[in-house]
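Colleague: Shown below is the structure under consideration.
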Amino acid sequence: MHTDPAIAIHLDDAQQVAEATDLIARFGEDAPVEAAIRAGRMRDIGNVVHFCRWRQTGRLVALLVADTAVGTVH
């Protein structure tokens, strides 16, 4: 799975950063996949709020592990 880290993300709270770093620590390069799996579970049970949260966490993971700068660099 490829998640484009250049996509703008919205963070509801600092806990999302903790969740993203935990996924990276536990799943390594598969962390975005795990976030997508969790988002899918939430979608399947109809929890739109947590579905969106896990999708954003997956994007944050991709941003945190990116090898290149994202956005403008001055």
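Colleague: Looking at the range 13-36 only, could you name the residues that are surrounded by fewer than 14 Cβ atoms within 10 Å (Cβ to Cβ), at negative phi and not acidic (Asp, Glu)?
Modeller: 14, 15, 17, 18, 25, 26
Colleague: Would you confirm, using the coordinates I've provided, whether residue 29 is at pLDDT below 90 and part of a helix (DSSP H, G or I)?
Modeller: Yes.
Colleague: Mind listing whichever residues of the range 61-74 are surrounded by 10 or more Cβ atoms within 10 Å (Cβ to Cβ) and either outside any helix (DSSP H, G or I) or in contact with a Leu (Cβ under 7 Å, 6 or more places away or on another chain) (or both)?
Modeller: Scanning the range 61-74 gives 61, 66, 70.
The values are calculated or read from the model by the stated rules, or taken from the named source; none is laboratory data. Just so it is clear, the model here is predicted, and its values are computed rather than measured. A quick note on method: Cβ atoms are made from the backbone with ideal geometry, for glycine too, and the neighbour counts reach across all protein chains shown.
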